[in-house]
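Step one of this worksheet: look at the structure below.
What follows draws every value from the coordinates through simple rules; no lab data is involved. These numbers come from a predicted model, not from an experiment. Here the Cβ is made from the backbone with ideal geometry for all residues, glycine too, and neighbour counts use every protein chain on show.
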Amino acid sequence: MMFIKIVIGRLFVNVVSAYAPHVGLDEEVKRLFWEDLDKVVRSIPSTEKIFIGGYFNGHMYTTSNGFDDIYGGFGFVERNGGGVSILEFAKAFELVIANSYFLKRDNKLVTFSSTIARTQIDCLLLQKGDRGIVKDCKVIPSENITTQHKLLVMDLEVKRDRLKKTLYDRPRIRWGG
């Protein structure tokens, strides 16, 4: 897990990169991962933005099934235990899974492909209130992180608050009587 805080003017942006344990590993290892991620998210003040990108090793399916407020339903393959963990984590922290809100062809959804399987195991999460700043999420098929993993990207539109300029020592002109 990696965590970085970026300060842009008066805006604090926290970016977390997470790598969940593999499917075959012991449940205790998985529990420790989710506890560590929980601690990181709890340490971030609610006034700051948070973006979590991760290789979560979970499938979330093509429908939201009880997670309508956090999952858009555009997924790939059937939900498994790892997918449920991601959804429950997102629900607990009022996060949304950004890449589930954009309808894409399979080649723009699949984040891992091998000779055995094609899956969507990477997710981008952010606070529910920030969902409106996400303009798109997609997999870039031509960019390989490794031979089997594809790069998942999120396009954001963040507007900075403009400070009003205060003009000092400028005389006010009064027109009329």
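Computed packing ranks the peptides 15-21, 25-31 as 15-21, 25-31, most packed first, by mean other Cβ atoms within 10 Å. The HN-Hα couplings worked out from phi for segment 3-19 by the Karplus form 6.51 cos²θ - 1.76 cosθ + 1.60 (θ = phi - 60°) are 9, 9, 10, 10, 10, 10, x, 9, 9, 10, 10, 9, 10, 10, 10, 10, 10 Hz, whole numbers, x standing for Gly and Pro. Of the three principal axes defined by the Cα atoms of segment 1-59, the extents in descending order read 44, 17, 17 Å.
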